[in-house]
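Input: a single structure, listed below in structure tokens.
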2 protein chains.
Amino acid sequence: MAPINTARVVFLGLGLISGSLALALKRAGWMGRIGAWGPRAPSLERGLALGVIDDYDLDLSRAVAGADVLIIGAPPISTGELLADLPSRLRALGETPIVTDLASMKGWVIDQMAESYPRFVPGHPIAGSENSGVTAARADLFEGREAILTPDAGTDLEALNWVTAMWESVGSRVTIMSAADHDAALAASSHSPHMLAYALTMALADDGLNPMRHGGGALRDMTRIAASDPVMWRDVALTNKKSLIHALTAVEDQLAVLKELIASGEGEQLERYFSICRTVRRDHDAVLNPFNVSAGKQLSESEETDKGRDAE
Amino acid sequence: MAPINTARVVFLGLGLISGSLALALKRAGWMGRIGAWGPRAPSLERGLALGVIDDYDLDLSRAVAGADVLIIGAPPISTGELLADLPSRLRALGETPIVTDLASMKGWVIDQMAESYPRFVPGHPIAGSENSGVTAARADLFEGREAILTPDAGTDLEALNWVTAMWESVGSRVTIMSAADHDAALAASSHSPHMLAYALTMALADDGLNPMRHGGGALRDMTRIAASDPVMWRDVALTNKKSLIHALTAVEDQLAVLKELIASGEGEQLERYFSICRTVRRDHDAVLNPFNVSAGKQLSESEETDKGRDAE
């Protein structure tokens with residue numbers, strides 16, 4: 001096994017996340033060549049022109065041959081298809097590279113493997129953007145963010161350590177959890193919020209007053225991710241169905257509570273509800289907003305009982 | 001009437017929005033003195049120390065005496081209380097200053113006026129922050145943002161023109177509409193999104209896996225406004241009840257549609273739904289994100305059919 005920063009890494013699929021990881025590895029002092037495979041040349045050519053990758057091959061077997069590490073950076077269903085195919089393809093080549101992926105759900109992609117491959121380390125960096133494609137790649141995308149790995153008892157420890165070290169080298173903190181816990185937690189923290197943004201955007205698009213024309217910073221943020229990649233989010237919805245429906249139901253239940261409090265004019269309970277949310281949100285600001293912790297700290301709690309306040 | 005930029009302006013209530021307007025007026029070359037009234041001294045003292053205001057008075061009648069313009073910058077219910085009181089108080093002083101407000105709903109605050117006051121111009125700048133208080137005030141808060149005014153047939157035209165010019169001087173574009181249309185549009189574009197952020201935050205807080213610990217940029221944005229001022233949002237929920245419940249129901253209906261598509265695995269329809277949302281959101285990016293139009297334009301549409309894409 002080559003030392004961590006001289007290994008040959010090959011990305012299978014080159015987009016925003018995989019391209020950002022390639023850039024981040026280079027910025028971290030990575031010395032090995034970074035290759036890529038993809039189904040079509042244009043994004044790979046762009047990646048080459050932007051210096052994100054050093055070479056590419058449109059033939060999958062040629063692309064993976066000789067790699068120390070394969071990182072799958074494709075939408076979820078394509079990730080599953082690649083994982084289903086890789087073990088037999090690698091066996092034919094007589095190679096056993098470390099394999100990891102970046103997909104937003106873990107149970108479904110793991111289930112796609114037709115045979116066990118102990119050097120596969122399922123992964124998911126909690127980072128993204130409403131922009132897509134390798135041209136939107138950013139070397140700092142993973143700084144301060146979490147990378148979740150979901151190995152099981154059969155996962156090769158050297159592979160796990162290598163993938164852990166890779167994420168740490170680009171500024172992420174690594175969390176290990178089960179695939180089931182990951183999928184349930186991410187359904188609530190990421191997948192359901194995307195569905196909320198979609199539902200809100202569609203409700204506004206259907207409104208004859210065209211309320212989106214009158215949106216401010218609140219609506220900007222609450223709909224930003226409604227511009228996310230439709231294929232990617234279709235795949236998430238299809239492959240993390242059970243956890244996602246569970247998480248959406250929890251939000252629906254809270255909306256029903258709020259509607260009831262509003263309809264019955266329960267001012268005191270509404271204020272208490274909103275105050276709890278303010279505290280919960282502020283308590284997590286360092287996680288959610290790693291680049292803005294000091295700004296969060298500027299808030300003076302003594303301001304909160306003032307009479308003159310926010311008017312949006 | 002004094003020329004627009006030498007008028008004496010007095011803010012009734014000094015917080016994030018009113019403080020930002022004071023700073024914006026000064027930056028725009030405002031030459032008159034800017035005063036303030038508030039129920040308690042600390043935030044007024046802070047405003048004075050920060051140079052947001054030039055003087056203040058804790059006595060309401062003394063504070064309003066001699067003002068050319070009164071700008072009410074209090075939470076909605078306090079705004080209504082001040083508006084109910086002002087006409088008789090001003091009559092006792094023998095003065096007829098222009099009066100405007102900044103509250104997020106217009107029908108309810110207008111209804112609080114015990115008698116008609118033609119020089120009252122109901123207003124609402126579509127700008128805000130999850131931070132509160134005068135220390136969070138920013139001179140650029142209104143740049144590129146909309147300011148909605150809701151005069152009626154009895155509104156004094158000079159007062160309307162003056163308030164319009166004031167908002168334009170701080171970089172806003174002014175829209176005139178009826179109070180009813182404003183309240184319906186803002187229920188959809190601002191008030192209901194705040195309730196969604198609250199419901200999402202509470203659902204996450206109630207989840208044993210504590211999913212908020214695993215949040216990224218999506219959750220950061222989808223919960224940011226859940227840290228907003230609880231009193232302000234209690235007041236909005238209580239005073240724009242009917243429109244808000246209507247807007248929330250529209251989002252709930254869309255969530256039900258999405259849940260059904262997810263449950264039945266309708267990939268094609270999900271992708272179409274998400275694609276419509278992406279288009280709608282991008283079409284409104286210049287409104288929602290006035291400082292980021294060029295970044296939005298960097299998006300290459302040709303990227304969208306690439307295989308390697310967003311992984312959060």
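Residue by residue, here is whether (1) surrounded by 24 or more Cβ atoms within 10 Å (Cβ to Cβ); (2) at the interface with chain A (Cβ under 7 Å from one of its Cβ atoms); (3) in contact with a Cys (Cβ under 9 Å, 6 or more places away or on another chain) holds:
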position: B:M195; (1), (2), (3): yes, yes, no
position: B:Y198; (1), (2), (3): yes, yes, yes
position: B:G215; (1), (2), (3): yes, yes, no
position: B:L219; (1), (2), (3): yes, yes, no
position: B:M222; (1), (2), (3): yes, yes, no
position: B:A227; (1), (2), (3): yes, yes, yes
position: B:V236; (1), (2), (3): yes, no, no
position: B:L244; (1), (2), (3): yes, yes, no
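Those residues that are over 14 Å from the mean Cα position of the chain (by Cα), in a loop (DSSP other than H, G, I, E, B) and within 25 Å of B:A218 (Cβ to Cβ), I need them from the range A:105-116; list them, please. Explain how you work it out, then say what you get.
As a first pass, look at the range A:105-116 and keep what is over 14 Å from the mean Cα position of the chain (by Cα): A:107-116.
Applying the additional criterion that residues be in a loop (DSSP other than H, G, I, E, B) yields A:112-116.
Across the range A:105-116, the qualifying residue is only A:Q112.
How many residues does the range A:39-60 contain that are touching a Lys or Arg at 6+ places or on another chain (Cβ under 9 Å) and under 19 Å from A:L93 (Cβ atoms)?
Summing the residues that are touching a Lys or Arg at 6+ places or on another chain (Cβ under 9 Å) and under 19 Å from A:L93 (Cβ atoms) in the range A:39-60 gives 3.
Of A:R46, A:R40, A:R27, which residue is in contact (Cβ under 8 Å) with a residue 60 or more places away in the chain, surrounded by fewer than 24 Cβ atoms within 10 Å (Cβ to Cβ) and within 11 Å of another protein chain (Cβ to nearest Cβ)?
Working: A:R40 fails: in contact (Cβ under 8 Å) with a residue 60 or more places away in the chain; A:R27 fails: within 11 Å of another protein chain (Cβ to nearest Cβ).
Result of the check over A:R46, A:R40, A:R27: A:R46.
Between B:S189, B:S132, which is at pLDDT below 95 and buried (at least 24 other Cβ atoms within 10 Å of the Cβ)? Before the answer, list the steps.
Numbers: B:S189 fails: at pLDDT below 95.
From the options B:S189, B:S132, the qualifying one is B:S132.
Within the range B:290-301, is there a residue that is modelled with pLDDT of 95 or more and charged (D, E, K, R)? Can you show your working first?
Just the residues of the range B:290-301 that are modelled with pLDDT of 95 or more, to begin with: none.
No: the range B:290-301 contains no residue that is modelled with pLDDT of 95 or more and charged (D, E, K, R).
For the range A:246-267: of the residues being more than 7 Å from every other protein chain (Cβ to nearest Cβ) and not in a helix (DSSP H, G or I), which is farthest from B:I262 (Cα to Cα)?
A:E266
Among the residues that make up the range A:82-94, is at least one of them surrounded by fewer than 16 Cβ atoms within 10 Å (Cβ to Cβ), under 20 Å from A:R40 (Cβ atoms) and within 13 Å of chain B (Cβ to nearest Cβ)?
no
Identify, by number, the condition in (1) more than 10 Å from every other protein chain (Cβ to nearest Cβ); (2) under 30 Å from B:A197 (Cα atoms); (3) not in a helix (DSSP H, G or I); (4) not small (G, A, S) that A:E130 doesn't meet.
Condition (1) is where A:E130 drops out.
Out of B:V109, B:V52, B:V64, which single residue is away from chain A (no Cβ under 14 Å), surrounded by 15 or more Cβ atoms within 10 Å (Cβ to Cβ) and touching a residue at least 40 places away in the same chain (Cβ under 8 Å)?
Details: B:V109 fails: away from chain A (no Cβ under 14 Å); B:V52 fails: away from chain A (no Cβ under 14 Å).
Result of the check over B:V109, B:V52, B:V64: B:V64.
Can you find a residue that is part of a loop (DSSP other than H, G, I, E, B) and within 11 Å of another protein chain (Cβ to nearest Cβ) anywhere in the range A:152-168? Working first, answer last.
Here is the first cut: in the range A:152-168, the ones part of a loop (DSSP other than H, G, I, E, B) are A:152-156.
Remaining after also requiring within 11 Å of another protein chain (Cβ to nearest Cβ): none.
Checking the range A:152-168: not a single residue is part of a loop (DSSP other than H, G, I, E, B) and within 11 Å of another protein chain (Cβ to nearest Cβ).
Name the residues in the range A:165-181 that are within 11 Å of A:I4 (Cα to Cα) and crowded, with 20+ Cβ neighbours inside 10 Å, would you?
Taking the range A:165-181 first, the residues within 11 Å of A:I4 (Cα to Cα) are A:165-166, A:169.
Result: A:M166, single match.
Those residues that are of a type in the set (A, V, I, L, M, F, W, C) and either touching a residue at least 24 places away in the same chain (Cβ under 8 Å) or within 19 Å of B:G13 (Cβ to Cβ) (or both), I need them from the range B:127-153; list them, please. Break it down into steps so the answer makes sense when it comes.
Start the filter on the range B:127-153 by keeping residues that are of a type in the set (A, V, I, L, M, F, W, C), which leaves B:127, B:134, B:136-137, B:139, B:141-142, B:147-149, B:153.
Those that are of a type in the set (A, V, I, L, M, F, W, C) and either touching a residue at least 24 places away in the same chain (Cβ under 8 Å) or within 19 Å of B:G13 (Cβ to Cβ) (or both): B:A127, B:V134, B:A136, B:A137, B:A139, B:L141, B:F142, B:A147, B:I148, B:L149.
Could we say that B:N161 is in the same structural domain as B:A22 (by TED's automatic domain parsing) and farther than 20 Å from B:L70 by Cα here? Walk me through it before giving the result.
Numbers: in the same structural domain as B:A22 (by TED's automatic domain parsing): yes; farther than 20 Å from B:L70 by Cα: no.
It is false that B:N161 is in the same structural domain as B:A22 (by TED's automatic domain parsing) and farther than 20 Å from B:L70 by Cα.
Is it true that A:D285 is at pLDDT below 95, assigned by TED's automatic domain parsing to the domain that holds A:M212 and in contact with an Asp or Glu (Cβ under 9 Å, 6 or more places away or on another chain)? Walk me through it before giving the result.
Details: at pLDDT below 95: yes; assigned by TED's automatic domain parsing to the domain that holds A:M212: yes; in contact with an Asp or Glu (Cβ under 9 Å, 6 or more places away or on another chain): no.
When the stated conditions are applied, A:D285 does not pass them.
So B:G208 fits all but one of (1) at pLDDT below 95; (2) closer than 14 Å to A:H214 by Cβ; what number is the exception?
Here B:G208 clears every test but (2).
Condition check ((1) more than 22 Å from B:W233 (Cβ to Cβ); (2) under 24 Å from the mean Cα position of the chain (by Cα); (3) modelled with pLDDT of 95 or more; (4) not assigned by TED's automatic domain parsing to the domain that holds B:E115) across all residues:
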site	(1), (2), (3), (4)
B:G35	yes, yes, yes, no
B:L48	yes, yes, yes, no
B:D57	yes, no, yes, no
B:P87	yes, no, yes, no
B:D101	no, yes, yes, no
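The values are calculated or read from the model by the stated rules, or taken from the named source; none is laboratory data. Remember, predicted model here, so these are calculated numbers, not experimental data. Note: ideal-geometry Cβ built from the backbone for every residue, glycine included; neighbour counts use all protein chains shown.
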